[in-house]
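Structure first, then comments.
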Amino acid sequence: MENIPDILPGRCTNITRQKNNSDRVSVFVNGEYLDGFYQDVLHDFSIQSESLITPDLYLRLREKDRFYKLRHQIFRWLAVRDHSTGEIRNKSMARGYTGSEADEAISYFVSMSYLDDCTFTEKFAREKAESGKWGPAKIRAALSKKGVKKQYIDASLRGLFSNEQSSKTLLKAASGIRTKLMRTDDKLKRKKKLVDFLIRRGFPPDIVFEKSDDILRQLENEET
């Protein structure tokens, strides 16, 4: 349990904006510094000059301030890149927040459409597929690690690796090692290198085996 300052209960005598963080203010009770809070916290509890701050109210202010602190942190994470809700939850808990605190903050961002696992998953899968370096298995594993639900992963991969699309994606991935492959004169060894490479990239073995001969022919034609 948090320590209760000895000056409580008492009346708020001054509220000043902090120099290093304009979102936060310093609260004084009976002329003495009490604590720092986000301005939104005081607004939520209608705290102003002459407001009576009891020990119980102080604890509620601290709890709310903790929520706003996490919310500001999540905004910073999202400013860098898109995240899944699972990533945000894990990052929040790594900073010492409880699962329920993380879930409460996540609910706010979901309600504001700042977090959307469906949109995040579709974008992530599409970008990785279009890069030509990731197959469906690798994409699925990465999304699972980010805490994305299976239903979203399945939906995002559907259509990205159709028969026609798979051929294009496999060829694009294989083009990255074309020079290395062409140095191998033995065609069986060349094919094995190609197959091993594509499977490591997360492409389904059955599709790789089915299309490997055609891909090799196209790569060989580029060489000539």
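The values are calculated or read from the model by the stated rules, or taken from the named source; none is laboratory data. Just so we're clear, the structure is a prediction, and the values are computed from it rather than from any experiment. Because the Cβ atoms are built from the backbone with ideal geometry, glycine has one as well, and the counts that use them run over all protein chains shown.
Considering the stretch 139-184 alone, what residues qualify as being assigned to a loop (DSSP other than H, G, I, E, B), closer than 30 Å to Asn90 by Cα, among the aliphatic types (A, V, I, L, M) and without any contact (Cβ under 8 Å) to a residue 60 or more places away in the chain? The one that is assigned to a loop (DSSP other than H, G, I, E, B), closer than 30 Å to Asn90 by Cα, among the aliphatic types (A, V, I, L, M) and without any contact (Cβ under 8 Å) to a residue 60 or more places away in the chain: Leu160. Per the conditions (1) surrounded by 17 or more Cβ atoms within 10 Å (Cβ to Cβ); (2) in the same structural domain as Phe120 (by TED's automatic domain parsing); (3) without any contact (Cβ under 8 Å) to a residue 40 or more places away in the chain; (4) not basic (Lys, Arg), the sole criterion not satisfied by Pro136 is (3). Checked against (1) part of a helix (DSSP H, G or I); (2) within 19 Å of Ser156 (Cβ to Cβ), Leu115 passes all but condition (1). Among all residues of the stretch 41-49, there is none that is surrounded by 12 or more Cβ atoms within 10 Å (Cβ to Cβ) and either assigned to a strand (DSSP E or B) or basic (Lys, Arg) (or both). Considering the conditions (1) in the same structural domain as Glu63 (by TED's automatic domain parsing); (2) touching a Phe, Trp or Tyr at 6+ places or on another chain (Cβ under 8 Å); (3) within 25 Å of Leu70 (Cβ to Cβ), Asn14 is excluded by exactly one of them, (3). Given Gly176, Gly147, Gly99, which one is assigned by TED's automatic domain parsing to the domain that holds Leu70 and not hydrophobic (A, V, I, L, M, F, W, C)? Answer to the selection: Gly99. As for the stretch 73-89, it holds at least one residue that is within 30 Å of Ala174 (Cβ to Cβ) and of a type in the set (D, E, K, R).
Of everything listed in (1) surrounded by fewer than 17 Cβ atoms within 10 Å (Cβ to Cβ); (2) basic (Lys, Arg); (3) assigned to a helix (DSSP H, G or I), the single unmet condition for Lys128 is (1).
The numbered conditions (1) surrounded by fewer than 14 Cβ atoms within 10 Å (Cβ to Cβ); (2) modelled with pLDDT of 85 or more; (3) of a type outside the set (A, V, I, L, M, F, W, C) are all true for Thr224 except (2).
Take the conditions in a strand (DSSP E or B) and surrounded by 14 or more Cβ atoms within 10 Å (Cβ to Cβ) and apply them to Ile15. Does it pass? Spelling it out, Ile15 is indeed in a strand (DSSP E or B) and surrounded by 14 or more Cβ atoms within 10 Å (Cβ to Cβ).
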